[in-house]
Amino acid sequence: MAEDLGHGARLTADEYERRIVELHRNLPPIPSREMERAIRRKELDLAIDHRLGANFPADRRDRLWSILQRVERRRVWLALKYLVRRGMAPRPAAGAVHPQAERVAGFMVDAFAGALDERELKSFFDLEPGDPPRLPLDSGL
């Protein structure tokens, strides 16, 4: 059972997945920029409800949203750097985590560490002591 962080009930994995699917169910093939932004915000809110609790404070949700937007801009920059360097560096072995992904994950965890306490950070990213940072996709978000 997940540690109680004092932010109310959490969505179960099944509830979280069901709500994510519902969120994407009726999207147009090419959503507008504003729609994409709104969906990303709702995805973050669902991740918070799942990992931290449904009563996580609104002002802290807003802070995490601001951080996530900065991380996404950085991720775009890292992706562009990767494309430029792609032909120059050897590819990682099959199943290995790409160093760029590790950098983005570390950057994301470090950025969120400014808004979450240690217990919240571990819960949000599903980290155990000594675990390397990984992107939320790798941890079920």
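When the charge dipole of the range 7-52 is built from unit charges on Cβ atoms (+1 for Lys and Arg, -1 for Asp and Glu) and taken about the Cα centre, the candidate among PRO31, ALA13, LEU46 whose Cα reaches farthest toward its positive end is PRO31. Spin-label pair ARG41-VAL21: with each label point 7 Å from Cα along the Cα-Cβ axis, the two points sit 2.7 nm from one another. Distances between placed amide hydrogens fall under 5 Å for ASN55 paired with GLY8, ALA9, all partners being 5 or more residues away or on another chain. Scoring 43-51, 5-13 by mean Cβ neighbours within 10 Å over their residues and listing the highest first yields 43-51, 5-13. What FRET efficiency, computed as 1/(1 + (r/R0)^6) with R0 = 22 Å and r the Cβ-Cβ distance, is obtained for ARG63 and GLU118, rounded to the nearest 0.05? The value I calculate is 0.85.
All of the numbers you see were taken from the coordinates with simple rules; none came from a lab. All figures in this text were calculated on a predicted structure; none of them were measured in a lab. Note that each Cβ is placed from the backbone with ideal geometry, even for glycine, and that neighbours are counted across all protein chains shown.
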